[in-house]
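**Q** Below you'll find the structure I mean.
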Amino acid sequence: MTDTVPDNYRPEQVEAKWRARWAERGTNQPDLDRATRPFYNLMMFPYPSAEGLHVGNMFAFTGSDVYGRFKRLQGYDVFEPIGYDAFGIHSENYAIKVGLHPAELIPRNIANFRRQLERVGGMFDWRHALSTTDPSYYKWTQWIFLQLLKAGKAYKKKAAVNWCPFDKTVLANEQVEGGLCERCKTPVEQRFLEQWFFRITDYCDRLLANLDTLDWSDTTRTAQRNWLGRSEGAEILFAVAGGRTVGASAASTAQPPNRPIAGISVFTTRPDTLFGATFMVLAPEHPLVTRLTTPAQAAAVAAYIEAAASKDLVARKVGDRDKSGVPLGTMAVNPATGREIPIWIADYVLMEYGTGAIMAVPAHDERDFAFARKYGLEIVRVLSPERVDPASVPGNAALAAAETETAGYVLVNSGKFDGRTAEEAKRLITADLAAQGKGKPVVQFRLHDWCISRQRYWGPPIPVIYCDSCGPVPVPEKDLPVILPPIEDFRPDDSGISPLARHEEWYYVPCPTCGRRGRRETDVSDTFLDSAWYYLRYPSSEFDDRPFDPARTKKWCPVTTYIGGNEHAVLHLLYSRFLAMVLKDLGHIDFEEPFTRFRAHGLIVKDGSKMSKSRGNVVIPDEYIAQWGADTFRMYLMFLGPLQDGGDFREAGINGPRRFLDRVWLMVTEAEDGGELQKSLVVRWHATRKKAAEDIDGLRYNTAIAALMELVNAMKEAGSRDRAIIADLIVMLAPFAPHFAEECWERLGHTTSVFDARWPAWDEGLVVSEEIEVPVQIGGKTRAKIQLLRGSDEATALALAKGEPTVQKFLEGKTIRKIIYVQDRLLNLVIG
RNA sequence: GCGACCGUGGCGGAAUUGGUAUACGCGCCAGACUUAGGAUCUGGUCCCGCAAGGGGUGUCGGUUCGAGUCCGACCGGUCGCACCA
């Protein structure tokens with residue numbers, strides 16, 4: 001090495017030194033009770049896998065950490081906690097695979113995660129680290145369940161659920177992707193089990209409306225909107241032909257046995273097409289099916305129902321879109337036309353949505369069209385393009401495909417509604433039905449209640465005891481936590497019952513009410529319940545007599561800024577919002593939106609696909625950090641592109657940030673006081689203070705780093721080693737390269753942490769130079785550049801421009817037809 | 001199929017939101033220092049052209065004094081949702 005190389009900067013030693021000093025000094029531990037400017041900087045806590053954190057995780061955590069450190073330099077009391085989402089099927093399946101117990105495996109993984117998180121230089125307050133598997137944590141997860149149970153927001157019902165035959169557990173709808181288990185990609189089956197549910201659907205309106213008030217990434221808000229799936233329409237009652245229609249609010253189709261059937265209620269978003277409803281379809285599971293089936297059809301119907309039930313959800317929901325169905329043999333009456341129409345069952349109608357029954361309008365719905373074509377059912381068009389003579393419209397039989405458009409269409413074949421636009425007709429027909437007691441406007445959501453039961457071992461036991469005399473009894477709060485008992489064989493079996501049922505000493509327990517022998521609930525709760533409230537626990541993690549201390553919570557919550565992956569856009573984020581609403585309604589907290597500002601980071605891509613364990617392309621950062629140092633590695637990741645875009649991981653380029661830091665180190669060692677500063681350097685200095693601050697605040701770390709590099713380049717060009725500029729540079733570099741900045745800061749003579757310094761203020765008058773270069777265009781093409789004082793007027797600019805030889809050349813023999821002068825920006829001469 | 005987003009050098013990416021396209025970095029080329037260089041330093045690096053100049057942000061068209069940016073069509077790609085009535 002030559003004398004120009006800073007051979008005295010050794011990342012490994014320097015970083016270890018500062019890790020130790022931060023711990024000694026408590027640098028990263030804000031006073032949670034006395035903080036005056038609290039800033040809760042949250043990142044999504046990781047699931048502690050056996051492999052350790054990969055580069056994608058590091059990218060996300062560093063991105064969040066940079067933000068927290070920046071806010072600290074702006075004078076906030078930044079609380080940046082971390083924890084482990086360590087319950088759940090992930091951990092359990094891995095444990096099964098390697099033949100170890102998760103209780104043994106998880107602490108080991110956590111220790112490794114902590115080592116990595118410390119090594120990369122996160123500003124974590126380790127006093128408040130938590131794991132969801134710790135009884136002192138899940139005690140309160142169970143407590144939350146009890147609050148919901150008391151409030152009637154938790155209930156048990158037997159329901160068709162998604163059953164993963166590989167993981168041997170129930171999955172929430174959100175965990176089924178295209179009919180496959182999200183984790184193991186096994187086709188999901190339908191099973192009927194008693195399950196615990198949370199009434200998230202009670203909160204649809206609020207969950208939707210509040211989205212408009214949140215400072216969140218648009219993509220995330222859109223995803224939530226789609227997931228909530230609000231649609232406006234009508235519920236319409238179809239009478240059964242020949243059956244006596246009784247009373248009947250449109251809502252109720254379920255009638256006690258042996259009473260006349262009130263009718264069949266359907267939900268539709270297209271009441272305007274009512275006159276075109278030529279048949280009805282019920283879901284095979286619809287409760288009225290048996291009673292509406294004629295003896296002649298009974299055998300065929302029974303066979304169809306059985307086939308549909310055994311058909312796995314892949315085939316039913318995605319796989320074959322081929323419609324199939326069976327007529328029940330009975331007829332219903334179209335309330336608009338009075339005509340009798342056949343009733344069918346078909347598995348393209350789902351029991352979980354709407355009323356589980358539809359009016360089929362083949363002319364204006366693709367699915368109904370396909371079904372009608374297949375079974376030769378009648379097709380009647382009731383919409384026609386506006387301003388077209390209905391007679392010229394192709395006949396019903398000639399229709400090649402369903403016409404689902406509404407814009408520009410008017411009603412035909414619809415009695416007194418003919419000529420109305422589709423939008424008008426939606427309102428008018430619904431109102432008309434309502435007046436007759438045969439329908440009403442209805443808003444439907446796609447969202448279903450949240451099934452939190454899991455027939456597994458590795459989770460918090462649901463705190464309920466079943467007693468033969470008292471029924472289900474909540475475990476008294478004083479008896480919490482219900483400890484997850486250590487059992488040797490925790491593997492799930494095909495029974496649909498949790499392995500916990502095999503642990504008899506645990507399973508049988510006195511009933512809290514009557515004292516007789518009761519049985520514990522053996523299901524554990526969904527991991528998403530653990531993670532739906534962890535942000536509330538962090539500030540209060542040292543209290544074991546309360547889940548979240550009121551004063552702490554008031555000071556620190558809701559979370560100021562949350563950064564995490566968009567893969568949790570609809571699951572974790574929706575559940576957290578729901579739970580916050582419930583807790584607020586129950587008076588436990590005073591806010592209902594947990595995350596004021598949320599930003600989704602991008603994904604790190606390796607070899608063309610997202611870095612993830614399941615794709616087998618993970619890169620563990622440890623060796624890169626060992627080779628280049630954590631600071632260089634952090635800068636490399638943050639320099640790839642905007643945080644919200646992610647980037648391609650490739651080794652090439654990591655030496656760029658290293659070289660940059662080496663140059664800065666050299667400057668620090670050569671820093672000198674005094675000396676006149678070039679004007680342009682002063683401008684660059686102030687401009688950098690401003691640009692870097694704004695870019696970091698907007699998570700554009702790549703351009704913030706570029707600005708710092710430009711400042712260094714400007715200093716080199718000016719031959720300056722000005723101590724004041726260098727000190728600023730170090731402060732601005734600190735969020736990205738914290739250990740490096742501390743070392744430089746100390747070298748510059750400071751005895752306190754660089755994070756006790758403040759981000760340098762900039763003088764707005766100095767961020768732009770007095771003299772600027774303005775392009776002169778002729779006909780929109782740049783022909784020359786002139787030096788102007790900022791704020792010069794058009795006449796000055798024009799005079800100067802006309803003095804330019806190039807400009808003269810182009811103006812020769814031409815007249816200037818128009819002058820466009822944008823002050824301080826450009827001069828454009830349009831010639832004729 | 002529906003929805004959202006995106007196409008800029010050899011590569012990652014900039015572009016004050018309609019105003020000098022390619023900042024910053026990687027890579028590459030040349031030179032310097034060196035026993036050596038996968039270190040460091042200096043210079044160069046969109047394309048054609050000796051130059052003047054011309055062309056250029058996926059393609060075609062439009063609006064404008066001026067378009068990477070706005071509008072329309074197309075081509076290509078990424079990510080959600082997906083029989084939701």
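The values are calculated or read from the model by the stated rules, or taken from the named source; none is laboratory data. Note that the structure is predicted; figures quoted are calculated from it, not measured. Please note: Cβ atoms are built from the backbone with ideal geometry, for glycine as well, and neighbour counts cover all protein chains shown. To get the accessible areas, we keep the full protein, side chains included, count just its heavy atoms, and leave off ligands, DNA and RNA. Shrake-Rupley method; radii C 1.70, N 1.55, O 1.52, S 1.80 Å.
**Q** With unit charges on the beta carbon (Lys/Arg positive, Asp/Glu negative), name the residue among A:L788, A:I820, A:G719 whose Cα is farthest towards the positive pole of the charge dipole of the stretch A:717-832.
**A** The listed residue farthest towards the positive side: A:I820.
**Q** With +1 assigned to the C-beta of every Lys and Arg and -1 to the C-beta of every Asp and Glu, and no other charges, what is the dipole magnitude of chain A about the Cα centre in debye, to the nearest 20?
**A** That gives chain A a dipole magnitude of about 1360 debye.
**Q** Next question. Suppose every Lys and Arg Cβ carries +1 and every Asp and Glu Cβ carries -1, with no other charges. What dipole size does the stretch A:746-823 come out with about its Cα centre, to the nearest 20 debye?
**A** That gives the stretch A:746-823 a dipole magnitude of about 680 debye.
**Q** Summing Lys, Arg as +1 and Asp, Glu as -1, what charge do residues with Cβ under 13 Å from the Cβ of A:I696 carry, A:I696 excluded?
**A** My count for the surroundings of A:I696 gives +4.
**Q** Next question, about the same structure. Place +1 on the Cβ of every Lys and Arg and -1 on the Cβ of every Asp and Glu in the stretch A:90-143, take the dipole about the Cα centre, and give the residue among A:T133, A:Y94, A:I110 whose Cα lies farthest towards its positive end.
**A** Comparing the listed Cα positions along the dipole, A:I110 ranks first.
**Q** Amide H neighbours of A:I345 under 5 Å, at least 5 residues apart or on other chains, H built in the peptide plane: list them.
**A** Amide H neighbours of A:I345, under 5 Å, 5+ apart: A:L282, A:V326, A:L328.
**Q** Counting only protein chains, not ligands or nucleic acids, how are A:I110, A:I696 ordered by accessible area (probe 1.4 Å), most first?
**A** Largest accessible area first, the residues go A:I110, A:I696.
**Q** Straight distance only, please: which aspartates and glutamates reach the Cα of A:K150 with their own Cα at less than 12 Å, same-chain residues fewer than 8 apart left out?
**A** Of all the aspartates and glutamates, those that pass the test against A:K150 - Cα under 12 Å, at least 8 places apart if same chain - are A:E477.
**Q** What is the antiparallel percent of DSSP beta bridges lying wholly in the stretch A:534-655, to the nearest 5?
**A** Antiparallel bridges make up about 20 percent of those DSSP assigns within the stretch A:534-655.
**Q** Work from the charge dipole of chain A (Cβ charges, +1 for Lys and Arg, -1 for Asp and Glu, about the Cα centre) and give the residue of A:N28, A:L180, A:G641 farthest towards its positive end.
**A** After comparing all options, I get A:L180.
**Q** Could you give the angle, 0 to 90 degrees to the nearest 10, between helix A:701-718's Cα long axis and the longest principal axis of the Cα atoms of chain A?
**A** 10 degrees
**Q** Enter the accessible area per residue of chain A (Å², integer; probe 1.4 Å; all protein chains in place).
**A** Heavy-atom accessible area per residue stands at 42 Å².
**Q** Please report the carbon-and-sulfur percent of the accessible area for chain A; probe 1.4 Å, protein heavy atoms only, DNA, RNA and ligands left out.
**A** The value for chain A is 50 percent carbon and sulfur by accessible area.
**Q** For chain A, what is the percent of antiparallel DSSP beta bridges, rounded to the nearest 5?
**A** So the antiparallel bridges in chain A amount to around 75 percent.
**Q** Taking the Cα centroid of the stretch A:454-493 and of the stretch A:663-707, what is the distance between the two, rounded to the nearest whole Å?
**A** Measuring centre to centre over Cα atoms gives 59 Å.
**Q** Calculate how steeply helix A:366-375 sits against the longest principal axis of the alpha-carbon atoms of chain A, using the helix alpha-carbon long axis, and give the answer as 0 to 90 degrees to the nearest 10.
**A** Computed tilt is about 30 degrees.
**Q** What shape does the stretch A:408-450 take by its C-alpha gyration tensor, where a ≥ b ≥ c are the square roots of the eigenvalues and a/c under 1.5 counts as rounded, a/b above b/c as prolate, and the rest as oblate?
**A** oblate
**Q** Helix A:218-228 versus the longest principal axis of chain A: what is the Cα-based angle in degrees, 0 to 90, to the nearest 10?
**A** It is inclined by approximately 10 degrees.
**Q** Give the distance, in whole Å, between the Cα centre of the stretch A:192-227 and the Cα centre of the stretch A:411-440.
**A** When both Cα centres are located, 32 Å separates them.
**Q** Here's something else I'd like to know. Which aspartates and glutamates, on any chain, are close to A:K440 with Cα under 14 Å apart, when same-chain ones fewer than 8 places away are left out?
**A** A:E232, A:E235, A:D272, A:D432
**Q** In straight Cα distance, which lysines are under 26 Å from A:K814, not counting same-chain residues fewer than 8 positions off?
**A** Within reach: A:K781, A:K785, A:K802.
**Q** Between A:A400 and A:I816, what FRET efficiency follows from the Cβ-Cβ distance if R0 is 56 Å, with the result rounded to 0.05?
**A** Approximately 0.35, to the nearest 0.05.
**Q** In debye, nearest 20, what is the charge dipole magnitude of the stretch A:684-832 about its Cα centre with +1 on Lys and Arg Cβ and -1 on Asp and Glu Cβ, if you could check?
**A** 860 debye
**Q** May I pose another question? For the stretch A:371-514, what does the alpha-carbon gyration tensor say about shape, rounded, prolate or oblate, given a ≥ b ≥ c as the root eigenvalues, a/c under 1.5 as rounded, and a/b over b/c as prolate?
**A** prolate
**Q** Compute the distance from the alpha-carbon center of the stretch A:66-93 to that of the stretch A:724-786, in whole Å.
**A** 29 Å
**Q** Let a ≥ b ≥ c be the square roots of the eigenvalues of the Cα gyration tensor of chain A; is it rounded (a/c under 1.5), or, if not, prolate (a/b larger than b/c) or oblate?
**A** oblate
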